[in-house]
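Below is one structure, written out as structure tokens; the observations come after it.
The values are calculated or read from the model by the stated rules, or taken from the named source; none is laboratory data. From a predicted model like this one, the values you see are computed outputs, not experimental measurements. Counting neighbours? That spans all protein chains shown, and the Cβs are built from the backbone with ideal geometry, glycine included.
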Amino acid sequence: MSLTNVTTETSIAPLRTKLDQCRASGATVGFVPTMGFLHDGHGSLMRTASERNDVVVASIFVNPLQFAPNEDLDRYPRNLEGDTAIAATNGVDHLFVPTVDEMYPQGNVLTNISVSDLSERWDGVSRPEHFGGVATVVSKLFNIIGPCHAYFGEKDYQQLAIVRRMVTDLSIPVEVVGCPTLREADGLAMSSRNSLLTTEDRAAAVVLRRALDRGMELHGDGETDPERIVAAMTEVVSAEPRARLDYAAAVDPTSIRVPEVLGADARLLIAAWFGTTRLIDNTASTVGGAGQAFTETQQSPTG
């Protein structure tokens, strides 16, 4: 783990100039977009970017476009001092921390990037404004950063699929790299929203991983009916009284649609409420796959 002297930029123009100069000298740029309140899941993305690129930039911006009026924009945790320290210890050279006015100087935003189809189910149903806001801010960040390798965690799998499709459809000169989900010792996916959980809800939240493991077990044993896999995942969550299931799904990993028959490779998705906090998780699943289910003795992936 490297220690760097992080420079913080709050304005677009000087950061763009610095990164253009880096590329002109032959350096490669790695980019990690975040909303801050960083944890080691973000750190793993930064470390991967640092290992694979000459210069690393990370952004911290809590994007209001991806929050509906009834969602947790104001509750979203923030800690710039701690974030800067994490960035410094994980190889980040430049930290981009723009204000809302810097990102959206006209106030109201008239341009919206929409990746249809991929955005219209799962989290797109539960949070109908979310993915338009994500695609819009990510496209803007890509325009600010310029040609780069951009690193995203697989925990937000639907988001990753949407960003990849946007980059392909719009010929954006960015290579999108998906990195494995980092987990706590008990299997809960690392997330900034975990800090909003009560002690009781935090203990209950591991049911998400148990449900995914159950679905993966069935699929691994040869079950290809997505409804049966979802029923088994739902049963696991239903046994936890503090969990309120939003959705569970067994989908094709590319289209994120539910096929009539699951192929050898699938993606299992899940989302649930614990009190006032909504968490998501997912896992790859393979027919005949072995050793993918999480146990407390396994090491968390580092990306």
### Message
Among the residues of segment 81-103, are any within 26 Å of residue 171 (Cα to Cα), surrounded by fewer than 20 Cβ atoms within 10 Å (Cβ to Cβ) and of a type in the set (S, T, N, Q)?
### Response
no
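Residues that are of a type in the set (S, T, N, Q) and crowded, with 21+ Cβ neighbours inside 10 Å: find the helices (runs of 4 or more DSSP H) completely inside segment 150-239 holding 2 or more of those. Outline the logic, then answer.
Working: elements: 157-169, 199-204, 207-220, 226-238.
Passing ranges, in order: 157-169.
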### Task
Confirm whether residue 44 is surrounded by 20 or more Cβ atoms within 10 Å (Cβ to Cβ), of a type outside the set (A, V, I, L, M, F, W, C), in the same structural domain as residue 99 (by TED's automatic domain parsing) and out of contact with any Cys (no Cβ under 8 Å at 6 or more places or on another chain).
no
## Note on the structure
Over segment 249-272, the set of residues within 13 Å of residue 220 (Cα to Cα) and under 16 Å from the mean Cα position of the chain (by Cα) is 267, 268
### Query
Is it true that some residue in segment 59-82 is closer than 23 Å to residue 139 by Cβ, in contact with a helix residue (DSSP H, G or I) (Cβ under 7 Å, 6 or more places away or on another chain) and either acidic (Asp, Glu) or assigned to a strand (DSSP E or B) (or both)?
yes
